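Reviewing the structure listed below.
The values are calculated or read from the model by the stated rules, or taken from the named source; none is laboratory data. All values derive from a computational prediction rather than experimental measurement. For neighbour counting, all protein chains shown are included, and Cβ atoms are generated from backbone atoms with ideal geometry for every residue, glycine included. The protein model used for the area step is the full one, side chains on, heavy atoms only, and it has no ligands, DNA or RNA in it. Shrake-Rupley method; radii C 1.70, N 1.55, O 1.52, S 1.80 Å.
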Amino acid sequence: IMSTEIMEKTEEILKEIEIPDRHTFFQIEKFMIGKEPTAQGQLWAIVRELQARKETVENFRKDLADAEDNLELFDLKIEVLNRQMRIFNVGATVKYGAEKQPVNSDLNMQECAINIRKLERDKEALVKAAQKVNQKMKYVMEEMAFLAAGYEKIVAQSGPMKPVDDEAAQKELW
């Protein structure tokens, strides 16, 4: 009973506010970009951050595609077990050597039922994991949008980004 109360209280607290699983915009502006002393340094920092987040999004997309395929595989495995249960339910026999012997259909039915329950739990866990990946991707996209807006603002104020090995920009930075 105590653990039920704890879980209910936890759910109540978690419903009150959503804390994004990402850097705050303040952190991005002041510490990732703002730590750079020049506009060019800030632009380079933004590009590095955007590159990292782009890779993350690509990985998330792959994970989600894999999850969709795995969900289909779970459904197929469950259907195979359901078909086996229908066979066991009609009193199937199996040929052993020259004679047919009855299958332990009651035990086989129980085993199939257990395996279906396990697959359903695994499927449910995969759905929840995919939902978390979608949520994380949303947050990464928010960071990317903020970084892209910062890039455009700096370019509008200071001009286009120069190559990272531009000597004048490096001297200014250092």
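Determine which member of the set GLU49, GLU72, GLU29 is over 30 Å from GLU172 (Cβ atoms), at pLDDT 90 or above and either surrounded by 13 or more Cβ atoms within 10 Å (Cβ to Cβ) or of a type outside the set (A, V, I, L, M) (or both).
Exactly one residue qualifies, and that residue is GLU72.
Anything in region 5-25 that is exposed (fewer than 10 other Cβ atoms within 10 Å of the Cβ) and under 16 Å from GLN135 (Cα atoms)? List them, or say none.
Scanning region 5-25 gives LYS15, ILE17, GLU18, ILE19.
Can you tell me which residues in region 150-164 are assigned to a loop (DSSP other than H, G, I, E, B) and among the basic types (Lys, Arg)?
If the condition is that a residue be assigned to a loop (DSSP other than H, G, I, E, B) and among the basic types (Lys, Arg), then LYS162 is the only one that fits.
What are the residues in region 53-67 that are over 17 Å from ALA145 (Cα atoms), without any contact (Cβ under 8 Å) to a residue 24 or more places away in the chain and open to solvent by 70 Å² or more (accessible area, probe 1.4 Å), if any?
Residues satisfying the conditions are ASN59, LYS62.
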